[in-house]
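*Asks:* My questions will all concern the structure given below.
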Amino acid sequence: MDFWRVPLDIDAIQVPRGIVTIFEDRCKGCGYCITFCPRHVLNLASRFNVKGYHPPEVIRADDCVNCRFCEIICPEFAIYSTEASPDSPASVPCSCDTIKET
Amino acid sequence: MADHLKKAGNKQVHPLDDMVRRDRMPHIWCPGCGIGTVFSACLTAIKSSGIDLDKVVMVSGIGCSGRAAGYTNLDSFHTTHGRAIPFATGVKLANPELKVIVFSGDGDLFAIGGNHFIHAARRNIDITVVCVNNLNYGMTGGQAAATTPEGSLTTTTPLGNPERPFNLPLLAYAAGAAYVARWTMLHIQDLTESIKEAMVKPGFAFIEALSPCPVNYGRRNKEKPLDTLTMYRDKTIIKNGASPLELDVDSRKSIILGKFVDIQKPTFFELYEKIYRPAE
């Protein structure tokens with residue numbers, strides 16, 4: 001995260017990390033989650049889902065802070081995030097699930 | 001992993017999947033439509049308010065947002081056009097233990113159902129009304145509605161709407177609502193908090209949620225859904241307690257959001273009990 005000045009308690013503050021789960025086939029491609037993600041975690045995928053829309057895909061999984069904005073803005077109940085366990089080392093990328101329902 | 005991440009077999013479940021009838025999904029709302037977001041805010045509010053879900057009833061009328069009653073897993077009723085509030089009034093008076101939430105659109109609540117709205121507000125019936133305002137009649141093809149801003153292009157006003165729209169919070173305030181708020185579908189956390197607050201508060205509560213209608217209103221007014229949301233972000237002012245007189249929706253000025261009215265007054269049921277069933 002970019003700070004204008006380094007906060008004094010930056011070592012004490014633990015930034016939460018999130019795991020984004022996308023139900024790809026529920027997506028109608030409105031792009032709200034992509035545009036309004038504060039950390040730009042998501043991007044429009046080039047592939048199509050079963051409905052013929054481009055779903056979002058996670059491109060910067062490590063930047064997710066589990067704000068859950070993608071979850072609450074999604075009109076399709078197609079994306080949600082959960083908190084990753086804080087003890088997982090930052091160097092290990094968070095896994096992100098893409099689920100296909102038939 | 002968080003508690004709500006339930007595993008049904010080997011399948012992952014969205015946190016709101018238990019509130020939604022998955023067999024009816026995908027819903028009919030167009031890509032970019034805000035009704036789904038307002039609906040999910042409503043479900044989140046109901047879920048987090050801690051109210052027993054068996055005691056919550058959702059009533060909706062006709063229109064795109066009227067479909068919400070059929071999509072929720074709560075007890076719900078999809079009523080005739082404009083009559084969501086009379087049904088909700090009946091449900092509430094027959095069983096005052098229930099929390100009744102009316103989820104409907106601007107056309108249903110304020111055009112054909114306008115009279116029911118003002119009289120329910122006047123009587124202070126203890127229901128919560130969530131109005132998804134998409135500024136036109138979306139389901140029938142984008143005709144000018146009672147809430148279409150002056151000058152907007154619609155199917156029936158191809159050169160611009162000559163009418164002035166309703167100022168919904170002012171109407172609710174003037175008719176006697178106990179709680180009046182307005183948010184957009186982008187201000188989801190505020191909207192969710194507002195619905196939650198309104199549900200636990202006794203009295204008639206009205207919450208207007210502005211929402212894009214990309215296929216009808218947006219297309220004719222050269223607004224992509226993302227443009228509408230950017231407008232909601234950049235050209236709205238949050239002003240809690242603002243005078244309802246200044247809340248008209250006009251494309252030439254900023255839209256004012258916030259909680260405008262929050263007062264305590266006896267509900268219809270309380271007054272009825274006091275007069276007709278006085279304690280011995």
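Every number here is computed from the coordinates shown, using simple stated rules; none is lab data. Source: prediction; values computed, not measured. All Cβ positions, glycine included, derive from the backbone under ideal geometry; neighbour counts span all protein chains shown.
*Asks:* Report, ordered by chain and residue number, the aspartates and glutamates lying within cross-link reach of B:Lys265, taken as a straight Cα distance under 17 Å and ignoring same-chain residues fewer than 8 apart.
*Replies:* Once the sequence-local aspartates and glutamates are set aside, what remains near B:Lys265 is B:Asp126, B:Glu197, B:Glu273.
*Asks:* Convert each backbone phi in segment B:243-248 into a coupling constant with the Karplus relation 6.51 cos²θ - 1.76 cosθ + 1.60 (shift: θ = phi - 60°), then list the ³J(HN,Hα) values in order as whole Hz, x for Gly and Pro.
*Replies:* After applying 6.51 cos²θ - 1.76 cosθ + 1.60, I find 5, x, 5, 9, 9, 5 Hz.
*Asks:* Which links in B:Lys235/B:Lys259; B:Lys196/B:Lys235; B:Lys92/B:Lys196; B:Lys99/B:Lys196 stretch past 21 Å when you go from one Cα to the other?
*Replies:* B:Lys196/B:Lys235
*Asks:* Return B:Arg21, B:Arg277 ranked ascending by Cβ neighbour count within 10 Å, so the fewest neighbours appear first.
*Replies:* B:Arg277, B:Arg21
*Asks:* By the scheme Lys and Arg +1, Asp and Glu -1, what is the net charge of all other residues having a beta-carbon under 12 Å from that of B:Val100?
*Replies:* Spelling it out: positives minus negatives among the neighbours equals 0.
*Asks:* For A:Ser85, B:Ser40, what ranking results if the residue with the fewest other Cβ atoms within 10 Å of its Cβ goes first?
*Replies:* A:Ser85, B:Ser40
*Asks:* Quick one: 3J(HN,Hα) in Hz for segment B:223-230, Karplus 6.51/-1.76/1.60 with θ = phi - 60°, rounded, Gly and Pro as x.
*Replies:* Result, ordered by residue: 10, 6, x, 5, 5, 4, 5, 5 Hz.
*Asks:* How compact is the protein assembly as shown by the rule of thumb for globular proteins, expressed as Cα Rg over 2.2 N^0.38 Å?
*Replies:* 1.03
*Asks:* If you build a Gaussian network model of chain B, linking Cα atoms that sit under 10 Å apart, which residue out of B:Asp190, B:Asp108, B:Asp52 swings the most?
*Replies:* It is B:Asp52.
*Asks:* To continue, here is another question. Over all alpha-carbon pairs in segment B:95-221, figure out the percentage whose distance exceeds 26 Å.
*Replies:* Distances greater than 26 Å cover 23 percent of the Cα pairs.
*Asks:* Determine, from the Cβ-Cβ distance of B:Lys55 and A:Cys67 and an R0 of 35 Å, the FRET efficiency 1/(1 + (r/R0)^6), rounded to the nearest 0.05.
*Replies:* For R0 = 35 Å, the calculated efficiency reads 0.65.
*Asks:* Hey, another quick one. Can you give the Kirkwood hydrodynamic radius for chain B, in Å, rounded to one decimal and based on Cα pairs?
*Replies:* 19.1
*Asks:* Quick one: if you stick a label point 7 Å off each Cα along the C-beta vector at A:Asn43 and B:Gln143, how many nm between them?
*Replies:* Distance between the two pseudo-spin positions: 4.7 nm.
*Asks:* Order by neighbour count: B:Ser48, A:Ser81, B:Ser65, fewest other Cβ atoms within 10 Å first, most last.
*Replies:* Final ranking by Cβ density, sparse to dense: B:Ser48, A:Ser81, B:Ser65.
*Asks:* Then there's this: To the nearest 0.05, what FRET efficiency results for A:Arg60 and A:Gln14 with a Förster distance of 22 Å applied to their C-beta separation?
*Replies:* 0.70
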